[in-house]
Amino acid sequence: MKQSSIVFLAVVSLFLQTFLLISLISFFTSIYNAYAAFAGGDPKLIAGHIHQVL
């Protein structure tokens, strides 16, 4: 493999890992927000937070 392909693959891998990390943080934050809204008991807030996850 050429040096340029290895660097390219490393950059793509780093980008995908960053995207995955941001996606997971967003997912779990939305789940937590839905749980917090559920404690408040407002169904529209719960549905809004769950919809953000999907």
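Among the listed residues ILE31, ILE46, which satisfies the condition of being in a helix (DSSP H, G or I), at pLDDT below 90 and open to solvent by less than 70 Å² (accessible area, probe 1.4 Å)?
Working: ILE31 fails: open to solvent by less than 70 Å² (accessible area, probe 1.4 Å).
Just one listed residue meets the conditions, ILE46.
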Query raised in the report: What are the pairs, 6+ residues apart or on separate chains, where a residue within segment 24-36 that is closer than 13 Å to HIS51 by Cα has its Cβ under 7 Å from a residue that is in a helix (DSSP H, G or I) and open to solvent by less than 90 Å² (accessible area, probe 1.4 Å)?
Result: PHE27/VAL53; SER30/HIS49; SER30/VAL53; ILE31/VAL53; ASN33/HIS49; ALA34/ILE46; ALA34/HIS49; ALA34/ILE50
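The values are calculated or read from the model by the stated rules, or taken from the named source; none is laboratory data. No experiment lies behind these values; they were computed from the predicted model shown. Counting neighbours? That spans all protein chains shown, and the Cβs are built from the backbone with ideal geometry, glycine included. With ligands, DNA and RNA removed, areas are computed over all heavy atoms of the protein, side chains included. Shrake-Rupley method; radii C 1.70, N 1.55, O 1.52, S 1.80 Å.
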